[in-house]
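Written below as structure tokens is the structure these notes are about.
The values are calculated or read from the model by the stated rules, or taken from the named source; none is laboratory data. Just so we're clear, the structure is a prediction, and the values are computed from it rather than from any experiment. Virtual Cβ from ideal backbone geometry, glycine too; neighbours counted across all protein chains shown.
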Amino acid sequence: MTNRQHGFTLIEIMIVIMLLAILAAMIVPHIVNAQDDARESAIETDIQMMRRQILVYKVHHGGNGPHLDADGNLDKTNFQARLTGRTNPDGKITPNGTCGPYMVDWPTNPFITSAGTAGTVLFGTETTPPRNSTSSWYYNTNTCVISANSAKGGEKLDPNPDGAAADGQAEESANPTVSPSGGKGKSIITP
């Protein structure tokens, strides 16, 4: 009578471990890609939303962008406040303003992990963003087009060298005009 112990041999355990390692090697890249795809989708949605709201802001403020104060001077400090708060048609920030808010919260760039630059904006006049990750967003003060400033994310929405935004917002549409439509309280926005 042989007394055989029940259990797994070392070879059986090694085979199982190798199979699990192979499966993990196949699954992990898909998980990482899914996270990048989700961040890419989020940043594209945020860029498109900010561009639309900046365009609406300009319509309400006589063609001036949110980077300009009531006197028409560059005001980087209150850029986000003009979009998330209330303003008068001249751009002055006031709780009783008749314009805005255009956004509930200022979005953060999901590709920026540094807390110090999570929602910050770099201002400039270059057509394309520098993509140096010194801020979350890049705002062109000439065209009023906002883009991602992270090393990656949202590239397909970067403005083209001719000044047209890749999402179809051309440079000339950054200066819309409003004309009455004849209906009470309605306007037609034309680029």
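Miscellaneous remarks
- Qualifying residues in region 48-58 (those that are over 10 Å from the mean Cα position of the chain (by Cα) and among the hydrophobic types (A, V, I, L, M, F, W, C)) - the one surrounded by the fewest Cβ atoms within 10 Å (Cβ to Cβ): 56
- In region 116-155, the qualifying residues are those that are modelled with pLDDT under 90 and not in a loop (DSSP other than H, G, I, E, B), and the one that is surrounded by the most Cβ atoms within 10 Å (Cβ to Cβ) is 117.
- Among the residues making up region 80-107, a single one is buried (at least 17 other Cβ atoms within 10 Å of the Cβ), out of contact with any Ser or Thr (no Cβ under 7 Å at 6 or more places or on another chain) and aliphatic (A, V, I, L, M): 83.
- Positions within region 86-108 being farther than 16 Å from residue 59 by Cα and assigned to a loop (DSSP other than H, G, I, E, B), in sequence order: 94, 95, 96, 104, 105, 106, 107, 108
- Qualifying residue in region 24-40 (condition: surrounded by 10 or more Cβ atoms within 10 Å (Cβ to Cβ) and more than 30 Å from residue 152 (Cβ to Cβ)): no
- Screening the candidates 45, 77 for the property of being outside any helix (DSSP H, G or I) and surrounded by fewer than 17 Cβ atoms within 10 Å (Cβ to Cβ) yields one hit, 77.
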